[in-house]
1. What is the gain in length, in nm to one decimal, between B:LYS178 and B:SER228 on full extension, counting 0.36 nm per residue of separation less the C-alpha to C-alpha distance?
2. Among B:PHE234, B:PHE113, which comes first, second and so on when ranked by fewest other beta-carbon atoms within 10 Å?
3. For a 27 Å ceiling on Cα separation, which of these pairs sit above it: B:LYS42/B:LYS103; B:LYS55/B:LYS114; B:LYS103/B:LYS127; B:LYS67/B:LYS207; B:LYS58/B:LYS138; B:LYS178/B:LYS211?
4. How would B:GLU61, B:GLU151 line up from fewest to most surrounding beta-carbon atoms within 10 angstrom?
5. What's the exposure ranking of A:ARG20, B:ARG131, B:ARG201, B:ARG233, going from fewest to most Cβ atoms within 10 Å?
6. Could you check the simple spin-label distance between B:LYS58 and B:GLU124, using points 7 Å along Cα→Cβ, in nm with one decimal?
7. Across peptide B:146-158, how many C-beta atoms of other chains are within 10 Å of each residue C-beta, on average?
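Just so it is clear, none of the values below were taken in a lab; they were calculated from the coordinates. What you are looking at is a predicted structure, and each value in this text was computed from that prediction instead of being measured. As a convention, Cβ positions derive from the backbone with ideal geometry for all residues, glycine included, and neighbour counts pool all protein chains shown.
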Amino acid sequence: MSATGSPQQRVAGREIPVRRIADLSHLPSDYSTTPGGSIFSTTPGGSRIYYDRSFLLQCRNSPLTKSPPPNMAKIPGVTVPEGSETKEKSVVEEKKPNPPADPDDQFQMEI
Amino acid sequence: MDSEEVNHKEDLEKNSDELSQEELEEEVEDDEADMDPGPLIKHPLQNRWALWFFKNDKSKEWTANLKLVHSFDTVEDFWANQALQLKLVNRKKLYNHVQKASKLQSGCDYSLFKDGIQPMWEDEKNKDGGRWLISLNKNQRATELDNFWLETLLCLIGEAFDDLSDDVNGATINIRNKGDKLGLWTRDARRSDAVMRIGHRMKERLKIPAKISLGFQAHSDTATKQGSTARDRFKV
């Protein structure tokens, strides 16, 4: 089972694969991981939410990453262009469609 | 893009002045209604994280130069934060330098820490801790720095340190003309076994060659150092 895709994307049923090992060192590196993250239910103190690198990178393309975070600070030169600190512009106003679209702008929102 | 979406876009442009943030987010989600609902779940993180920005302005107090950019507790909000920076920046070509750490001015820092921990030695959760330090040379700002920083962020939010994740407080990247530095901060410099295992994991995840050695310095040593660098308590 590959570690790609969220659990919801996996709909086809299949048998649970069985693998027997003689030595702990032969454990596969992805042992006890689940697609789209790993819940180690036996961690002392309870479960912990892990995400592996490839899954985190995959989430980068989710439509949900296209909405601005609700609590973003306005910092000129970091989250808003330099010199805009005197204007009382909200983040939402910053996001107004701004024609003409720049073909190089790979983060142009699809709205 | 089908015609319905085009109309939708025109509506949105007309109304965009009145749209609240919440409504705007709903619009985006409506557009995706035909998609597989699977990816439209925000994936919760184990911890809430805060991204900080520091800009060296000697006319102000150190703490006045430190700004909280954003805190988040889902994978998607982490990426939205990164993407929004890029988007706002790209709108005005002048500012396409701010998103990447490698394009910050000398004297600036980014920090990502668990919510409630300030990115400074003095914080109660940091004062007994220290940092694994990667010192970059000038060439590496262009070739390695952004990758190292992104990999470090992914280690933090994905809890890559397994049962030692509670020992990790955050990370800081310092952009300096004399040499950039990336530090992974742990909570207790006396926990040698935890510190060593975290160092090995960091080295492995950032794919740092075995021949390059990384040093760990306690914040208390750095604060009282005599020379330019504090002594290494540990090495990997």
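1. Contour length minus the Cα-Cα distance gives 16.8 nm.
2. Fewest-to-most ranking of B:PHE234, B:PHE113: B:PHE234, B:PHE113.
3. Beyond 27 Å between Cα atoms: B:LYS42/B:LYS103; B:LYS103/B:LYS127; B:LYS67/B:LYS207.
4. B:GLU61, B:GLU151
5. By the 10 Å Cβ count, ascending: A:ARG20, B:ARG233, B:ARG201, B:ARG131.
6. Placing both labels 7 Å beyond Cα along the Cβ direction yields 3.5 nm.
7. Partner Cβ neighbours, averaged per residue: 2.
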